[in-house]
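Asks: Please read through the structure below; I'll follow up with questions.
Any read-out appearing in this document is the output of simple, stated calculations on the displayed coordinates, not a laboratory observation. Just so it is clear, the structure is predicted and the values come from calculations on it, not from any experiment. Cβ placement follows ideal geometry from the backbone for every residue including glycine, while neighbour counts extend to all protein chains displayed.
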Ligand SMILES: *Cc1c(COP(=O)(O)O)cnc(C)c1O
């Protein structure tokens with residue numbers, strides 16, 4: 001484990017390396033320690049615990065634009081941005097106003113509302129394949145509903161998924177590929193019976209698998225953004241579309257990250273492919289809990305109450321989440337995406353220079369407004385086996401160097417770097433300085 005600085009903070013639970021923050025009002029370690037006694041591992045989403053990078057997480061007290069502040073009052077430039085959910089930057093005035101206004105009218109009713117109608121319309125207007133949209137509470141709900149719907153519509157069981165793609169904590173999709181080319185899935189975690197993934201086939205990304213009539217659906221991240229950022233190879237997505245059509249399987253695009261990040265039409269517009277079912281999350285909630293699936297009317301109307309595939313959710317279509325999502329989509333015009341694209345490219349260049357001038361081998365692949373990190377030389381990864389050749393120790397060192405310089409990357413070597421409207425030129429200038437110093441620390445720590 002790489003220490004963040006020379007200090008250690010010791011509590012009843014033991015000693016941990018800590019941030020060099022000077023005297024704060026509260027300590028991250030004390031708060032996190034207490035969280036650990038109430039919450040398993042102290043976190044409500046596993047990656048937040050810093051297991052992949054070592055040390056104890058900073059505990060966020062508040063955030064604004066490109067910055068987060070921890071409970072000690074330390075300000076970080078934030079490249080996590082809630083894993084892409086807050087594309088406008090933290091506490092954007094349009095979002096906070098929409099949330100406040102919606103909250104004043106009541107937070108949940110158990111009845112239809114105008115805002116859910118408007119958000120479903122807004123998604124459908126921007127993504128033409130989404131003639132009907134059903135809203136829910138998370139990306140995980142979206143992917144699990146999409147799988148159920150595809151199986152219900154086709155009357156088939158097999159789902160094809162790609163090694164290294166991530167679709168949330170959905171049992172049927174938490175399958176691990178074997179070492180063979182196309183293997184029926186093995187459970188990707190404890191708690192999943194073999195039977196649950198027996199109909200999940202895990203195949204390598206960027207190779208069009210040969211399907212047969214048992215396949216209900218292929219689910220894919222159209223740009224893979226959970227194994228670093230890996231672009232679809234030319235012809236890959238079109239090949240999936242054609243192969244699904246050949247055997248009558250549905251094509252599910254998991255656009256939980258790419259949706260409303262790559263542009264108003266997401267990956268489907270960028271690559272000119274129409275998915276049968278599209279999963280959304282993250283950006284469409286403006287930073288509040290949300291998920292959605294969309295598709296052709298004939299497919300979507302197989303959902304209850306019209307069809308035979310059950311779906312429900314007490315808080316689904318929530319008035320506050322839909323208000324925030326609408327406010328976000330309203331602001332995300334084509335001009336804004338052009339601006340984000342320019343910033344993403346500039347940030348990639350800045351990070352590249354920061355690492356190379358420090359002697360740290362690092363590449364920063366850009367796919368539209370998505371930015372990844374690969375700590376290796378040679379060709380960029382095209383699939384998970386290649387992505388796993390990233391130098392995880394070097395990532396951990398760069399991550400820790402970043403924290404010392406008050407620059408927060410997501411705490412995992414396979415996470416994307418999320419650029420938002422908060423990262424203007426002045427902030428990218430700040431990142432340039434911090435990232436260079438971080439890379440120098442990393443090189444020193446790696447010896
Ligand atoms: C984050 C993510 C999910 C899961 O969304 P949650 O809201 O965390 O449940 C699904 N698919 C992809 C591609 C994601 O990045």
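Asks: To the nearest 500 deg cm²/dmol, what mean residue ellipticity at 222 nm is calculated for the chain from DSSP H runs of n ≥ 4 alone, each contributing -39,500 (n - 2.57), summed and divided by the residues?
Replies: -10500 deg cm²/dmol
Asks: On full extension of the chain, what length is gained from residue 125 through residue 274, given 0.36 nm per residue of separation minus the C-alpha to C-alpha distance?
Replies: Taking 0.36 nm per residue and subtracting the Cα distance, the gain is 52.2 nm.
Asks: Going by how many other Cβ atoms sit within 10 Å of their own, how do 260, 253 line up, fewest first?
Replies: Ordered by Cβ neighbours within 10 Å, fewest first: 260, 253.
Asks: Sticking with this one: To check my understanding: the extent here is largest minus smallest coordinate of the Cα atoms along each principal axis. What are those three numbers for region 93-331, in Å, largest first?
Replies: Largest first, region 93-331 extends 55, 34, 34 Å along its Cα principal axes.
Asks: Subtracting the Cα-Cα distance from 0.36 nm times the residue separation, let me have the gained length for residue 379 to residue 44 in nm, one decimal.
Replies: Using 0.36 nm per residue and subtracting the Cα-Cα distance, I get 117.0 nm.
Asks: By average Cβ neighbour count within 10 Å, what is the ranking of 267-275, 158-166 from highest down?
Replies: By packing density, highest mean first, the sequence is 158-166, 267-275.
Asks: Out of all DSSP beta bridges with both ends in the chain, state the antiparallel percent to the nearest 5.
Replies: 65
Asks: Provide the FRET efficiency to the nearest 0.05 for the residue 103-residue 334 pair, computing r from the beta carbons and using R0 = 25 Å.
Replies: Working: r = 31 Å, r/R0 = 1.23.
The calculated FRET efficiency here is 0.25.
Asks: Let me ask something else about it. Efficiency by 1/(1 + (r/R0)^6): what FRET value for residue 429 and residue 26, r their Cβ-Cβ distance, R0 = 35 Å, to the nearest 0.05?
Replies: It comes to 0.70.
Asks: Could you check the simple spin-label distance between residue 195 and residue 306, using points 7 Å along Cα→Cβ, in nm with one decimal?
Replies: For residue 195 paired with residue 306, the spin-label model returns 3.3 nm.
Asks: Note the full-extension length gain between residue 341 and residue 446 as 0.36 nm times their separation in residues minus their Cα-Cα distance, in nm to one decimal. Please list the in-between numbers first.
Replies: Details: separation 105, 0.36 × 105 = 37.80 nm, distance 3.28 nm.
The residue 341-residue 446 span can extend by a further 34.5 nm.
Asks: While we're on this one: Nearest 10 degrees is fine. How inclined is helix 392-404 to the longest principal axis of the chain, computing both from alpha carbons?
Replies: Between the helix axis and the principal axis of the chain, the angle is about 60 degrees.
Asks: What residue among 363, 210, 81 shows peak mean-square fluctuation when the chain is described by a Gaussian network model with Cα springs under 10 Å?
Replies: 210
Asks: What does the convex hull of the Cα atoms come to per residue for the chain, in Å³?
Replies: Cα-based convex hull of the chain, divided per residue, equals 146 Å³.
Asks: Antiparallel as a % of all DSSP beta bridges within region 177-331, to the nearest 5?
Replies: About 45 percent, rounded to the nearest 5.
Asks: Counting DSSP beta bridges in region 115-246, what percent are antiparallel, to the nearest 5?
Replies: 40
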